[in-house]
Amino acid sequence: MAVDKKYDTPMLDELEKGEWPSFVKEIKAAAEWNAMSNDLLGLLEQSYSEKMGHWKHGGIVGVMGYGGGIIGRYTDLPEKYPNISHFHTLRINMPSGWFYTSEALRTLCDIWDAHGSGLTNMHGSTGDIIFLGTRTEELEPVFNKLTAAGFDLGGSGSDVRTPSCCCGKARCEWACYDTMALTHFITNKFQDELHRPAFPYKMKFKMSGCPNDCVASVARSDISIIGTWRDEIQVDMQKVREYAKNGTDIVKEIVMMCPGKCIEWDGKDLNIDNSSCLHCMHCINVMPKALAPGKDRGAVVLVGSKAPIVEGALLSSVMIPFMKIEEPFDEMEFWKLIENMWDLWCEEGKNRERIGEFIQRVGMGNFLDSVGLEPIAEMVAHPRENPYVFYEEYFEEGEEVEK
Amino acid sequence: MAEEVLQRKTDIGPPHYSKFLPPIIKENYGKWKYHEIPRPGVLMHVADNGAKLYSVRAGSPRLLSTFKIRKYAELADKYCDGYLRFTSRHNVEFLLTKEENINPLIADLNALGHPVGGTGNSITSIVHTQGWIHCHSAATDASGIVKAVMDDNIEYFKTMVLPGKLRIALACCLNMCGAVHCSDIAILGIHRRPPKINKVNLPKMCEIPNVVASCPTAAIRPVVYDGKPSVEILEDKCMFCANCFTVCPALPLADPLNDGVSIWIGGKVSNARHEPMFSKLAIPFIPNNPPRWPEVTGAIRKIVELWAKNAHKHERMGEWIERIGWPKFFRMSGIEFQKEHIDDFKYAGLTYKRSAHLTY
């Protein structure tokens with residue numbers, strides 16, 4: 001599509017200034033040759049002067065056999081900006097850990113240059129490769145080229161959203177399980193649930209290799225799988241002394257900041273009471289050469305986090321305090337729990353009710369009963385303070401009372 | 001056509017990551033020993049066998065043209081055998097095995113307009129949403145504010161002089177595609193005017209029971225208008241969540257006079273030291289002022305500097321404020337405490353101060 005007109009963009013031009021890389025320069029680079037990006041430039045300038053967006057609400061578009069992966073988008077000013085009368089987004093499932101080769105990136109660019117705006121997000125908030133803006137009739141051809149190149153669409157709507165993870169064992173000494181392998185496994189295990197929305201609302205998985213939680217799983221995923229360990233922190237005492245010698249104030253920076261108050265330092269030896277360690281990562285973060293997570297590694301599983309819509313934001317809460325995550329993943333009992341949770345949520349959940357909200361509505365105790373988990377103290381910050389307990393049974397006169 | 005359909009591939013999932021890992025990572029997968037940050041923007045991971053992997057991290061606007069991605073690919077070919085990755089905060093990372101390639105790569109990245117940094121105690125790239133570039137429900141733009149804020153704090157991206165990490169995120173409406181609610185600083189677009197009911201389109205586009213059920217405060221009621229089913233909105237019960245708009249396009253909230261930005265601070269997702277926590281409201285409303293939102297960048301700069309000056313080493317924004325107390329934060333920052341700062345939704349009571357632990 002040739003570019004046949006040029007828009008004045010005095011406001012956007014202001015955003016070409018400054019040292020941080022400019023998104024306006026990116027749009028202009030695409031607008032040099034792509035009429036969709038050129039019209040986007042004109043529309044965005046208008047939005048900047050009016051302080052308002054000009055995109056219509058949704059619209060159901062997709063590729064054959066899939067219910068998710070494409071976000072329909074149309075401008076409300078199609079006469080003025082005809083080249084973006086359609087401007088649909090494709091979500092493309094990224095490889096675990098967002099690793100690429102230059103060859104793979106060029107393949108993606110070639111496909112997108114032939115069929116879309118030439119604009120992308122690397123990456124969207126959930127982690128997908130985002131192809132930003134194309135017409136309905138281009139969707140099937142893009143999809144066919146993507147699958148021929150080994151890529152597939154990600155999730156959208158009320159389905160499993162594209163699972164994402166930190167770089168884990170590929171480049172991190174703190175990875176307590178293989179996040180990239182598990183993420184790849186989960187993504188493939190749930191292809192149907194990912195591509196064909198059938199849930200009450202969205203369902204996100206995020207895999208972090210350690211409690212630093214670099215993919216924000218505790219805040220941004222319905223199923224948060226966070227690596228941890230249950231034995232002793234590994235200590236190289238000689239290296240601890242080197243940190244102390246090189247200026248780390250062990251008392252102030254480590255001992256006093258330990259949330260478990262379980263570290264002592266006598267100027268020579270670091271003593272950790274591992275039974276009180278909260279596995280927060282702070283001491284390890286500060287002295288990565290001297291300390292490391294223990295050897296008995298696995299993950300804690302938390303459930304239910306979400307942003308505010310509808311009933312308020314939630315953080316995930318503990319369901320499984322520790323589980324080993326080892327190949328073959330298919331044999332893990334964990335999938336039975338996922339199946340139970342989904343069965344219950346699909347049966348009882350309301351339209352647009354995330355699983356975290358569902359748990360709040362029916363009560364954690366009832367939820368545990370239904371999915372077959374025993375209540376344990378690790379699941380709560382503290383026991384209830386409110387004495388209105390829903391006991392389900394009581395004794396009648398004359399019944400034999402249990403002793 | 002029929003033949004094409006037969007050959008159509010579906011449900012193949014993403015390409016296996018192992019195709020994209022450089023040999024040094026394949027050899028040392030799960031065998032990394034420790035890492036150092038030899039200079040801002042450069043990570044050095046050392047494996048058990050002594051192998052060293054250098055990651056050079058550069059800032060990115062997230063919105064990338066294919067032109068720029070091809071440039072990244074060229075640099076990856078030139079310096080690291082074609083291997084690169086992206087981070088969870090939209091930075092690009094080049095994966096080098098030759099230490100001598102670090103400086104030339106950084107020079108090329110800078111020439112391309114991409115500063116190197118975002119490691120350790122820095123402000124790294126802002127996780128953000130689409131805004132006016134692509135979203136129907138945006139109350140503000142995303143990329144423009146992000147650009148202005150990062151320009152204004154560029155030295156904190158390129159250095160590691162802050163007390164701890166500072167994570168900024170932006171969502172252009174309460175839907176929070178960027179899930180900003182656990183950030184050191186969250187910039188959140190908000191609407192402040194109830195939906196305008198499009199009475200002509202509503203019966204055609206929306207299912208009334210769904211619309212009524214979508215409202216978390218039960219502010220929407222079914223009515224008959226001009227003989228057709230419609231809704232009315234009890235405006236004093238509307239908290240501008242836009243959930244009704246999500247299920248019904250005939251209830252738009254966007255309004256240039258009343259839309260703008262709120263600032264939330266003190267959240268985190270990491271378990272380090274303090275448990276993860278939500279961001280709390282610092283500034284209820286700042287009007288949209290494109291193209292560079294100077295009131296937003298000014299407010300953020302002030303909060304960043306206040307924290308940088310007063311926090312203990314390693315203390316995140318929320319940990320610092322928790323230590324000194326919110327009243328002291330408001331006194332120190334000069335931000336006026338208003339009615340809007342006090343929660344009035346589901347768990348509001350839990351946020352009241354319920355002790356005599358106060359500073360004077």
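Just wondering, is there one or more residues in segment A:296-303 that are among the basic types (Lys, Arg) and at pLDDT below 95? Spell out the reasoning first.
Our first condition is that a residue be among the basic types (Lys, Arg); within segment A:296-303, this holds for A:297.
Now drop any that are not at pLDDT below 95, which leaves none.
For segment A:296-303, residues among the basic types (Lys, Arg) and at pLDDT below 95: absent.
Being more than 7 Å from chain A (Cβ to nearest Cβ), within 15 Å of B:Gly118 (Cβ to Cβ) and not charged (D, E, K, R) is true for just one of B:Asn49, B:Asn91. Which residue is that?
Selected residue: B:Asn91, the only one of B:Asn49, B:Asn91 that is more than 7 Å from chain A (Cβ to nearest Cβ), within 15 Å of B:Gly118 (Cβ to Cβ) and not charged (D, E, K, R).
Select, from B:Thr159, B:Thr140, the only residue that is polar (S, T, N, Q), over 16 Å from B:Ile300 (Cβ atoms) and in contact (Cβ under 8 Å) with a residue 60 or more places away in the chain.
On the way: B:Thr140 fails: over 16 Å from B:Ile300 (Cβ atoms).
Matching residue, one of B:Thr159, B:Thr140: B:Thr159.
Residues in segment A:35-54 that are in contact with a helix residue (DSSP H, G or I) (Cβ under 8 Å, 6 or more places away or on another chain) and within 9 Å of chain B (Cβ to nearest Cβ): A:Ser37, A:Leu40, A:Leu43, A:Leu44, A:Ser47, A:Tyr48, A:Ser49, A:Met52, A:Gly53, A:His54.
The residues of segment B:73-85 that are without any contact (Cβ under 8 Å) to a residue 40 or more places away in the chain and more than 7 Å from chain A (Cβ to nearest Cβ), listed by number, are B:Glu74, B:Leu75, B:Lys78, B:Tyr79.
When A:Gly294, A:Gly363 are screened for being on the phi > 0 side of the Ramachandran plot and either open to solvent by less than 20 Å² (accessible area, probe 1.4 Å) or away from chain B (no Cβ under 14 Å) (or both), only A:Gly363 passes. Restricting to segment A:205-237, give me the number of residues that are open to solvent by 30 Å² or more (accessible area, probe 1.4 Å) and either part of a loop (DSSP other than H, G, I, E, B) or free of Cβ contacts under 8 Å to residues at least 24 places away in the same chain (or both). The total comes to 5. Which residue is farthest from B:Leu112 (Cα to Cα), if the candidates are limited to segment B:52-68 and must be assigned to a strand (DSSP E or B) and facing chain A (nearest Cβ under 8 Å)? Here the residue is B:Leu53. The numbered conditions (1) among the hydrophobic types (A, V, I, L, M, F, W, C); (2) facing another protein chain (nearest Cβ under 9 Å); (3) in a strand (DSSP E or B) are all true for A:Cys280 except (3). Candidates are the residues of segment A:143-168 that are surrounded by fewer than 23 Cβ atoms within 10 Å (Cβ to Cβ) and outside any loop (DSSP other than H, G, I, E, B); the one that is farthest from the other protein chains (Cβ to nearest Cβ) is A:Lys145.
Kindly check whether there is at least one residue in segment A:137-150 that is in contact (Cβ under 8 Å) with a residue 12 or more places away in the chain, closer than 22 Å to A:Ile355 by Cα and not aromatic (Phe, Trp, Tyr). Explain how you work it out, then say what you get.
Narrowing segment A:137-150 to residues in contact (Cβ under 8 Å) with a residue 12 or more places away in the chain: A:138-143, A:145-146, A:149.
Pick out the ones that are also closer than 22 Å to A:Ile355 by Cα and you get none.
No, the conditions are met nowhere in segment A:137-150.
Would a scan of segment B:69-84 turn up a residue that is assigned to a strand (DSSP E or B) and under 24 Å from the mean Cα position of the chain (by Cα)?
We begin by selecting, within segment B:69-84, every residue assigned to a strand (DSSP E or B); these are B:83-84.
Filter again for under 24 Å from the mean Cα position of the chain (by Cα), leaving B:84.
So far as segment B:69-84 goes, yes, one or more of its residues are assigned to a strand (DSSP E or B) and under 24 Å from the mean Cα position of the chain (by Cα).
Table: residues versus (1) in a strand (DSSP E or B); (2) open to solvent by 10 Å² or more (accessible area, probe 1.4 Å); (3) at positive phi; (4) of a type outside the set (A, V, I, L, M, F, W, C).
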site: A:Asp39; (1), (2), (3), (4): no, no, no, yes
site: A:Gly42; (1), (2), (3), (4): no, no, no, yes
site: A:Gln46; (1), (2), (3), (4): no, yes, no, yes
site: A:Met52; (1), (2), (3), (4): no, yes, no, no
site: A:Gly59; (1), (2), (3), (4): no, yes, yes, yes
site: A:Val63; (1), (2), (3), (4): no, no, no, no
site: A:Lys80; (1), (2), (3), (4): no, yes, no, yes
site: A:Arg91; (1), (2), (3), (4): yes, yes, no, yes
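Restricted to helices (runs of 4 or more DSSP H) entirely inside segment A:305-403, those with at least 1 residues that are under 20 Å from the mean Cα position of the chain (by Cα) and closer than 26 Å to A:Gly209 by Cβ are A:334-348, A:355-362. Checked against (1) polar (S, T, N, Q); (2) more than 9 Å from chain A (Cβ to nearest Cβ); (3) farther than 23 Å from A:Met180 by Cβ, B:Gln7 passes all but condition (2). Residues in segment A:100-124 that are under 21 Å from A:Asp39 (Cα atoms), of a type in the set (A, V, I, L, M) and more than 7 Å from chain B (Cβ to nearest Cβ): A:Ile111, A:Ala114. In segment A:241-277, of all residues being away from every other protein chain (no Cβ under 11 Å) and aliphatic (A, V, I, L, M), the one that is surrounded by the fewest Cβ atoms within 10 Å (Cβ to Cβ) corresponds to A:Val251.
The values are calculated or read from the model by the stated rules, or taken from the named source; none is laboratory data. Every value quoted in this text rests on a predicted model; they were computed, and no experiment measured them. Please note: Cβ atoms are built from the backbone with ideal geometry, for glycine as well, and neighbour counts cover all protein chains shown. Only protein heavy atoms, including side chains, enter the accessible area calculation; ligands, DNA and RNA are left aside. Shrake-Rupley method; radii C 1.70, N 1.55, O 1.52, S 1.80 Å.
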